1. Given a Förster radius of 22 Å and the C-beta distance between B:Arg81 and A:Met215 as r, what FRET efficiency does 1/(1 + (r/R0)^6) yield to the nearest 0.05?
2. Just in region A:80-182: which trypsin sites (Lys or Arg not before Pro) are loop by DSSP and have at most 13 other Cβ atoms within 10 Å?
3. Could you check the spin-label model distance between A:Gln477 and A:Lys567? Points 7 Å from the Cα along Cα→Cβ, value in nm.
4. So how strong a dipole does the protein assembly as shown carry about its Cα centre when Lys and Arg Cβ are +1 and Asp and Glu Cβ are -1, to the nearest 20 debye?
5. If you place +1 on the Cβ of every Lys and Arg, -1 on the Cβ of every Asp and Glu, and leave all else neutral, what size is the dipole of region A:192-298 about its Cα centre, to the nearest 20 Debye?
6. At 7 Å along the Cα-to-beta-carbon direction for both A:Glu611 and A:Glu466, put a label point, then send me their distance in nm to one decimal.
7. Taking 0.36 nm per residue of separation and subtracting the Cα-Cα distance, what length does fully extending A:Glu297 through A:Asn797 add?
8. Toward the positive end of the charge dipole of the protein assembly as shown, about the Cα centre and with charges on Cβ (Lys, Arg +1; Asp, Glu -1), which of A:Ala721, A:Gly560, A:Tyr761 goes farthest?
Amino acid sequence: EEDEEEGFVDCDLPEHACKYCGIHDPASVVHCVSCNRWFCNSRGNTSGSHIINHLVRAKHKEVTLHRDSPLGETLLECYNCGSRNSFVLGFIPAKADSVVVLLCRQPCATQAIGKDQEWDLSQWQPLINDRCFLPWLVKIPSDKEQLRARQITAQQINKLEELWRANPTAALDDLDKPGVDEEVQEVLLRYEDAYQYQNIFGPLVKLEADYDKRMKEAQTCDGIVVRWDVALNQKRLAYFPFPRQDIRLMVGDELKLRYAGELHRAWEGIGHVTKIPNNVSDDVCLELRQSTGVPTECTHNFLIEFVWKATTFDRMQNAMKTFAVDETSVSGYVYHRLLGHELEQQTIKCTLPKRFSAPNLPELNHSQVYAVKTVLQRPLSLIQGPPGTGKTVTSAAIVYHLAKQNQGQVLVCAPSNIAVDQLTEKIHRTGLKVLRVAAKSREAIDSSVSFLALHNQVRNMDSFPELQKLMQLKDEQGELSAADEKRFRTLRRACEQELLANADVICCTCVGAGDPRLAKMRFRSVLIDESTQATEPECMVPLVLGTKQAVLVGDHCQLGPVVMCKKAAQAGLSQSLFERLVILGLRPIRLQVQYRMHPCLSEFPSNTFYEGSLQNGVTAAERLQPGVDFPWPVPELPMFFYATTGQEEISASGTSYLNRTEAANVEKVVTRFLKAGINPDQIGIITPYEGQRAYLVQYMQYNGQLRNQLYEELEVTSVDAFQGREKDFIILSCVRSNEHQGIGFLNDPRRLNVALTRAKYGVIVIGNPRVLSKQPLWNNLLVHFKEKKCLVEGPLNNLKPCLIQFSKPRPLIN
Amino acid sequence: ELKFLGEMQEDDDDDEPEDDAFVDEYNRMMQESAKRAPRPDPKIAQGEIAVPFNLRGSAPKTAATGNNEDSDKVVFTLLGRKGKQQPLLVPKDTSLVTKVIQTRKREDDE
Ligand SMILES: [Zn+2]
Ligand SMILES: [Zn+2]
Ligand SMILES: [Zn+2]
């Protein structure tokens, strides 16, 4: 007794002591099955009990009770279906007898169980309530016990959980050891040398990698219902609805599918995603690596886990290392410019072409010609392409002329596969020999340039008859003998190298430039499109392959790179190399003629984001659709701000917003367009919130006045997903309508720029003017609409000027 | 490559205290399965649970464990998946208990 008064000493605690606070009364602790740790049911100083804190933070769900607890050793599971997710389990009592069962809320506790109505489903009592286990199931330690226990804060809990991911045996004391909570260094404008560069960016990339790993690995989804199929290549396919809309899933991602074994022995298989959810279906398609032993007779109770791959981050780290240690990774001039050193402007002697437009591409305008001409003579240049200014055509022309300088192959990259494919297609049209190198996991994905992909070109190489034979054999049999497989790989490598060596231009994503197949290659000239959407280390991957001449294309007035880890983003990882070079004083060459928007649509973005420099390459007449009957408030200005004052709500998931009034108005506008003869694929609906996106899709399905199918074909998506693309008509639903809070990330001027510049023929903004006008930029936008007599309210067939008073904008804080 | 990342990047300037993130995630985990409602495996879900014969007509009895704290609890039986039956002490003031007592009373009155 007395010894314990001294306080707990870790090594003396039994195994079932709470890993946070040390409490070890068997009646008060719960065992986490996933990680084999014990936690108590006391809250201490936190918002939930220790066991709940752990389950939520570690995303664990299965628990058992202690053998010496009143109930004895018990695995908590659904009596009916066996689900072990404590978060959905609850007690159901019999109506007239003192008997209870544990049932999961959905579906078991909601469907009739037992014809004789013995159970009272209305009395379902969740196992976890108010962020702790029911106190009569797992005792809450007394105040006295809690006072004697180790005191731990929510912050310490969080750090400990984080530490466990790296080191499962870590204890609370380890939190005080150095290195656990190091502050990261912020990015600089200038770096002394490449070592300093690596020392600053290396840890940031690591932070982002760790965050990504944590997010991916923590995500398991259970209760997956699978539909089985077989692909043309004989591989086993699993289709299932993806339950988590908050997770970014990409084609090529690896997932692990698991069956815990109720009707079949336990099984797990890894595959990669070949299809992601879209408007038509929520299904994900997973192509499994191994086709044998798959429990295809089972369809229910599968589980998915994410398989994290370090490749992307490893390539960035390697690139920075190469930049530091390999003197030939970039030319001396490029080296110093990238580090921000002051240098005299250098020019490259080159024979300028007589004609700057490239074969089979549209004629270049004056600012495009200027861009091509300037870029060819400079070792490092930036091209800024505002929306619709022909960035891709200009890039393709530059690549064409770079290739024609006969100074070796040109490497062409962009952060996203879509952008790479678009550019590949344009460059191919000029007649150059283009090779598209795609990640192995993406080989099955069809695109407009699949025929230019390395793996497809390998299939068509007649000069390797033996390889062709082995490939055919492999296709037919599914696999080769060990010896044949070895021979196959050798031949394929030789074939790939020959194809790569003969190409004029090689196209891949930035990270793809770190592909081992390109490892031995050197590229004197590199063009990176959409470089403002890549992080610096991402841009370094293609740059360190021997760059002497680099062209970065992008627009720092549109959305920047996506960095998920807040800490890394705040330290500056979300600033692109392009942006830093601009701040350093390297002036981007701006493309100035836009060919996308009706002139009235480009006016505000031009004045607000591009110092009024955008010229219109299209006339109003070319952007009016005479036959279309639509109630534009000012007939010659196809735009309006539709004032709507509906309340915003928190979405069902609890993590996003939605606004029903705005959704209803979106439906009315869409229906009016469709009735006027506009096709669904001409309309884009943009909303910044996932909650609103999901609600809109659903609302139009059920409440749309016209055929369901028409609404299914509409594209409803986020601003971010629309960057780089265009539609004839754009409807923007702003959602936020709260007098007291901010307008969230509509605050980012770059996001507003992107949203406003997607449409060719017309834009309708739906939002609450009073709330939005608090933000200075939105205030300007509203004034603009008002001055043009395009700020309206009321029913669509009787729009009236909206006379609402704007709020005073808060001063802009930057 | 759909990205719905804007929301995660939302910058409301103030560093939210750690607990908010925990509560958000807790709410999400509580709601996750409720909104999804997967169908149970038809091969497993027989969908019939009967009160075992030995427990039919079992009236709620006050716990007699000798532990003072337990005097305001009644003994229920928790049915396990493999036929296991375990005593479970449920406080008298929970609706689980009061409902059963009510029902029994009504039946007795009839
Ligand atoms: Zn755990
Ligand atoms: Zn504890
Ligand atoms: Zn169940």
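1. Here the calculated transfer efficiency is 0.05.
2. When the trypsin sites (Lys or Arg not before Pro) of region A:80-182 are filtered for loop state and at most 13 Cβ neighbours within 10 Å, A:Lys115 remain.
3. 5.2 nm
4. 3640 debye
5. 360 debye
6. Label at A:Glu611, label at A:Glu466, 6.3 nm between them.
7. Answer, rounded to one decimal: 174.4 nm.
8. A:Tyr761
The values are calculated or read from the model by the stated rules, or taken from the named source; none is laboratory data. Since the structure is predicted, the reported quantities are computational estimates derived from the model, not experimental observations. Note that each Cβ is placed from the backbone with ideal geometry, even for glycine, and that neighbours are counted across all protein chains shown. For accessibility, only protein heavy atoms count, side chains too; no ligands or nucleic acids. Shrake-Rupley method; radii C 1.70, N 1.55, O 1.52, S 1.80 Å.
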